[in-house]
Amino acid sequence: YEPDTGPRVRVNQVGYLPAGPKNATVVTDAADALPWQLKSAAGAVVASGETSPRGVDPASGQHTQTVDFSAYRTPGTGYTLVVDGETSHPFDISGTLYEKLRADSLQFFYAQRSGTPIDGDLIGAAYARPAGHLGVAPNQGDTDVPCQAGVCDYRLDVRGGWYDAGDHGKYVVNGGIATYQLLNAFERTKTAATAGGGAALGDATLRVPERGNKVPDILDEARWELEFLLRMQVPAGQPLAGMAHHKIHDRNWTGLPLAPQDDPQPRELHPPSTAATLNLAAVAAQCARLFAPYDAAFAARCGTAAKTAYVAAKAHPTVYATTADGNGGGAYEDNNVTDEFYWAAVELWLTTGNKAYLTDLSASPAHTADVFDAGGAFGWQSVAALGRLDLATVPNTLPAAEKTRIRASVAAAADRYLTTLRAQAYGLPLPADAYVWGSNSNVVNNAVVLGTAFDLTGDAKYRDGAVQTADYLLGRNALNMSYVTGWGEQNAHNQHSRIFAHQLDPNLPNPPAGSLAGGPNSGIQDPYAANLLAGCKPMFCYVDNIDSYSTNEIAINWNSALAWLASFLADQGDA
Ligand code: 9MR
């Protein structure tokens, strides 16, 4: 199978920031440097130079050369890059490229909302749908959900939240990290010099029903999930009170397409887990400090839930979710919760200032370990870096030397991601052996570390690394395609989703603009990809087909990463 990858000159198909880095990659057998030309929309040569030969790139297996045209800074549209007789897809040079991506990537969450009708006037008629899983036939509903056999003998109202991905499941650990990232994108605006005080993330910046309520819309969106996460907590008086159920989903996997309101499957609560409980503790603690100025009662409710969850997790520290519980929904297994304990203790300490949490976080091995993995700085299963990043950025009373150590660890990790990025022909912070399920989220999360290092140090090399990461996502890659729906000349739009299943039913929409595909995955764990892509080089292990859930699904934890990065980049203006 040979995908059609178009012109051999690969660029960010959306564009480049005027004063930012401008890099492209050419696939060529030529051994020596080649001349390149940058052309305006009218075809005039506005800049020229020579490529840098790179040899064979391990991630793609391709023989490549790179182009650096950073010196050209004139804003405009419809530029192309010409090398080796090939013309790239067109792109812009503009300081406002990422503002709409910030809004689009956040808008994704409204489209994924469960338990509420989606208003076509807000996000387009194609996306309007009735509320899902409120108990209206044929749904059995999330309003009164029983536990799986033998798990508990009560029922819970766990309506609301976001559907995780292309399925209708709702999982506390993945909801946790996604909510963290939206809250963190907001919290960043309080400390980052480039964030303009957060006006761009204020009220009436998104098309959500809550716009105009004087609460920043990104917080309104996060609250939709927070309310669900709070509902997943085991009630007082029950065994394991204060823990959080790991997940709620259909008894059996359903087929595609399937609108949420048409899902007839029984919904079931799965056992509580320590990981889910600590995710609840961490994000509810974030909620308590960030909502305090807007809704004191809600902030207090979050604070109580966070503390209760933390106490329950300490009382039941080894209740693990396993791969065995993977029928009808994802397992989100985890048998090491050292990192979750650390993250939760950090968030609770940052919110309350209570010394007991400081004692706990200081005693955690995660506090001194190198927590930033080369493949992915953090993810739903490994969250220590979230605690580290927040200790580095959220104002706190750590002794100066300790704060310096924490911040230096973020910069050191960012330096390593830059080293990786420079070794890649396509300029991304991911080594060739790390293309796993959801690789795009790892790529972006590594760029979040770069962005945070820039916020902390003001050193432009980190910001440039984050910009280059966006280049990879938006077309500078072996497949010559953008992984963000509606963004770039050739973009992913057939992602695996029961709701946005246009590929299977022309009456249904594609995912909304701003939806990130999971990305290349050398594991090719779904039958469609396994059959089509056997033997693929890492960056080729992707197909924009709705059947390929292991390379091409949408997911809240991937879009939350994109939203953080897009917001960071939008704040850089013309860089
Ligand atoms: O993102 C998850 C990835 O890290 C795992 O390897 C994979 C298999 O367990 O599951 C992914 O998460 C999926 C979840 O299990 C169910 N909803 C869709 C998620 C995205 O594909």
Inverse mean reciprocal Cα-Cα distance (Kirkwood Rh) of the range 482-547, Å: 12.3
Along each principal axis, Cα extent of the range 181-318, largest first, Å: 45, 42, 25
The range 112-367: relative contact order in percent, alpha carbon pairs under 8 Å with at least 6 residues between: 18
Estimated D of the chain in µm² per second, where Rh is the Kirkwood radius over Cα pairs and Stokes-Einstein applies at 37 °C, 0.692 mPa s: 137
Ascending count of other beta-carbon atoms within 10 Å, so fewest first, for His367, His63, His245, His133: His63, His367, His133, His245
Pairwise centroid distance, computed over Cα atoms, of the range 439-473 with the range 105-163, Å: 34
Mean ellipticity per residue at 222 nm, deg cm²/dmol - from DSSP H runs of n ≥ 4 across the chain, formula -39500 (n - 2.57): -11500 deg cm²/dmol
Radius 10 Å from Cβ of Ala563, net charge of other residues (Lys, Arg +1; Asp, Glu -1): -1
Sorted by Cβ neighbour density within 10 Å, fewest at the top, the residues Thr179, Thr28: Thr28, Thr179
Along principal axes, Cα extents of the range 347-462, largest first, whole Å: 47, 30, 19
Rg and Dmax [Cα atoms of the range 104-156; Å; Rg one decimal, Dmax integer]: 14.7, 44
Kirkwood Rh and Cα Rg combined as Rg/Rh, the range 112-367: 0.97
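Read-outs throughout are calculated quantities, based only on the coordinates presented, and are distinct from any laboratory measurement. This one's a predicted model, so the numbers in the text were calculated from it and none came from an experiment. In this analysis, Cβ positions are derived from the backbone assuming ideal geometry, glycine residues included, and neighbour counts consider all displayed protein chains.
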